[in-house]
Every structure is written in structure tokens, then in C-alpha cells.
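Working notes for the structure below.
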Amino acid sequence: STEKSILKINNSTITSHPKSQLVFQKESDATIANSTIESGSKSGIISLSSTVHIYNTTIREHNKPQLYAINNAHFQLNKCYILAGKENGILLEKASSATIKSSYIADHETFPQLYVDHSNLDMTTTEVNKSNSIGLYVINGGKAHITDSQINENNGIAQLELVKNSHATLERSTFSNGAHHGVRTEASVVNIHHCTFTNNSYSTTQTSAQ
């Protein structure tokens with residue numbers, strides 16, 4: 001749609017489109033519940049300057065970022081599964097944001113599962129597990145607030161990496177069984193409160209002022 005729109009999807013399956021499966025733009029508002037979005041050649045959902053609420057839904061097996069927010073867009077997820085994508089599970093760019101609660105994000109192949117570029121992420125009671133890359137990557141002044149969550153078994157350079165003046169607050173969360181560092185920072189700030197770091201192959205944190 002090229003005009004502002006409101007869309008509600010419930011108890012549906014969206015699958016196997018040759019382009020991105022759902023695209024919202026121009027301050028549109030969408031609610032997706034109790035559904036499955038799967039097996040797309042590009043992204044599952046793209047939000048351009050729009051808001052997408054997603055509840056109790058599985059999004060899996062896309063060749064491009066499964067959820068992609070750009071230009072002040074917002075995703076709100078509750079009780080969702082984001083699984084087995086070729087690239088990012090969620091990509092946030094250009095002052096976008098995501099609020100994620102009680103969800104499970106796993107098994108993305110070669111890109112960070114969560115990528116926050118000059119955007120904001122607020123995540124609670126969520127697991128980000130089992131990838132060949134970084135669990136959460138924050139760049140270009142991005143911000144992440146992680147509470148009561150688990151970031152485990154990510155095999156990139158760190159479970160969580162922040163670069164280029166980014167900021168994260170970590171509370172009551174677990175970072176375990178990573179192939180390299182628990183947290184890695186470069187010219188960024190991380191505040192850690194009551195977190196657990198265990199069985200990461202290298203040091204808990206690595207910092208650089210570059």
C-alpha cells in the first residue's frame with residue numbers, strides 16, 4: 001500500500017512470496033496475531049515509517065532480514081518466534097525501534113540475530129539463542145535495554161557487541177555458551193546489573209576506545 005492504512009491479520013498463514021511478504025509504509029498501522037509468516041524469498045515484514053504489532057506469531061525461513069524496520073518505524077512483539085533466517089532476525093535502521101517481550105529468536109545463519117543501527121531496542125523475558133554470528137549488534141549510537149533475558153550459544157565474536165557511540169543497559173540477564181566474548185564494546189557504554197556470564201570461550205567483556 002502507498003497510502004496510510006490499517007491492517008489486522010489473525011489466524012492466518014502467509015508463505016512463499018517471491019518478494020517481501022508484507023510491506024507497510026506511510027505511517028500505517030498493522031496488527032498480526034496467531035499467525036505464521038514463512039518461507040519468503042526476501043523479508044517477512046518490512047515497516048517503513050509504520051507501526052506493526054505482532055502477537056503469538058511465528059516468522060521463519062526468510063532469505064533477507066525477517067523483520068526490517070526503517071525510517072522511524074516500530075515493531076512491538078509479544079510471544080513470538082523468529083526462527084531460521086538466512087540474514088538477521090530483526091533489523092532496525094534510521095531511528096526505528098522495537099519492543100520485544102516473551103519471545104524466542106534463534107538459528108540465524110550468518111548475520112547478527114538482532115541488528116540495531118541508530119535505533120532503539122527494548123527487550124524483556126526473551127531468548128536470543130543459537131546462531132553462527134552475534135546475538136545482538138548495536139551500532140551508530142543505537143540503544144538497547146535488555147531485561148530478564150537470555151543471549152546464549154551465539155558463535156560470532158561476541159554474544160553482544162556495541163560499536164560507534166552506542167549504549168546498552170543489561171539487567172538480570174544471562175549470556176552463556178558463546179564461542180567468543182560475552183560482551184564486546186568499541187567506543188560505547190554498557191551498564192550491567194545483576195547479570196550472569198558463563199561458559200563463554202573468552203573473557204566476559206572486551207573493550208576498546210577506538
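The values are calculated or read from the model by the stated rules, or taken from the named source; none is laboratory data. What you are looking at is a predicted structure, and each value in this text was computed from that prediction instead of being measured. A quick note on method: Cβ atoms are made from the backbone with ideal geometry, for glycine too, and the neighbour counts reach across all protein chains shown. Heads up: the accessible areas ignore ligands, DNA and RNA and are worked out on the full protein's heavy atoms, side chains in. Shrake-Rupley method; radii C 1.70, N 1.55, O 1.52, S 1.80 Å.
Would you call H62 surrounded by fewer than 19 Cβ atoms within 10 Å (Cβ to Cβ), within 19 Å of the chain's Cα centre (by Cα) and either closer than 22 Å to A106 by Cβ or touching a residue at least 12 places away in the same chain (Cβ under 8 Å) (or both)?
So H62 does not fit the description; no.
Could you list, in sequence order, all residues of region 70-89 that are touching a Phe, Trp or Tyr at 6+ places or on another chain (Cβ under 7 Å) and either of a type in the set (K, R) or part of a strand (DSSP E or B) (or both)?
Selection gives N78, K79, Y81.
Looking at (1) modelled with pLDDT of 95 or more; (2) under 26 Å from N200 (Cβ atoms), which is the one condition that is false for N63?
(2)
Do you know which of the residues in region 151-179 that are open to solvent by 10 Å² or more (accessible area, probe 1.4 Å), modelled with pLDDT of 95 or more and not in a strand (DSSP E or B) is farthest from A84 (Cα to Cα)?
The residue in question is N165.
Can you tell me which residue is nearest to the chain's Cα centre (by Cα) among those in region 104-142 that are hydroxyl-bearing (S, T, Y) and open to solvent by 10 Å² or more (accessible area, probe 1.4 Å)?
Here is the first cut: in region 104-142, the ones hydroxyl-bearing (S, T, Y) are 104, 110, 115, 119, 124-126, 131, 133, 137.
Pick out the ones that are also open to solvent by 10 Å² or more (accessible area, probe 1.4 Å) and you get 104, 110, 115, 124-125, 133, 137.
Numbers: Y104: 10, T110: 14, Y115: 6, T124: 12, T125: 14, S133: 13, Y137: 9 Å.
Among those that are hydroxyl-bearing (S, T, Y) and open to solvent by 10 Å² or more (accessible area, probe 1.4 Å), it is Y115.
So the check is Cβ under 6 Å with 6+ separation or different chains; which pairs have a first residue in region 16-41 that's buried (at least 17 other Cβ atoms within 10 Å of the Cβ) and a second one that's part of a loop (DSSP other than H, G, I, E, B) and of a type in the set (V, I, T)?
Here the result reads I32/T57; S35/T57, each pair linking region 16-41 to a residue that is part of a loop (DSSP other than H, G, I, E, B) and of a type in the set (V, I, T).
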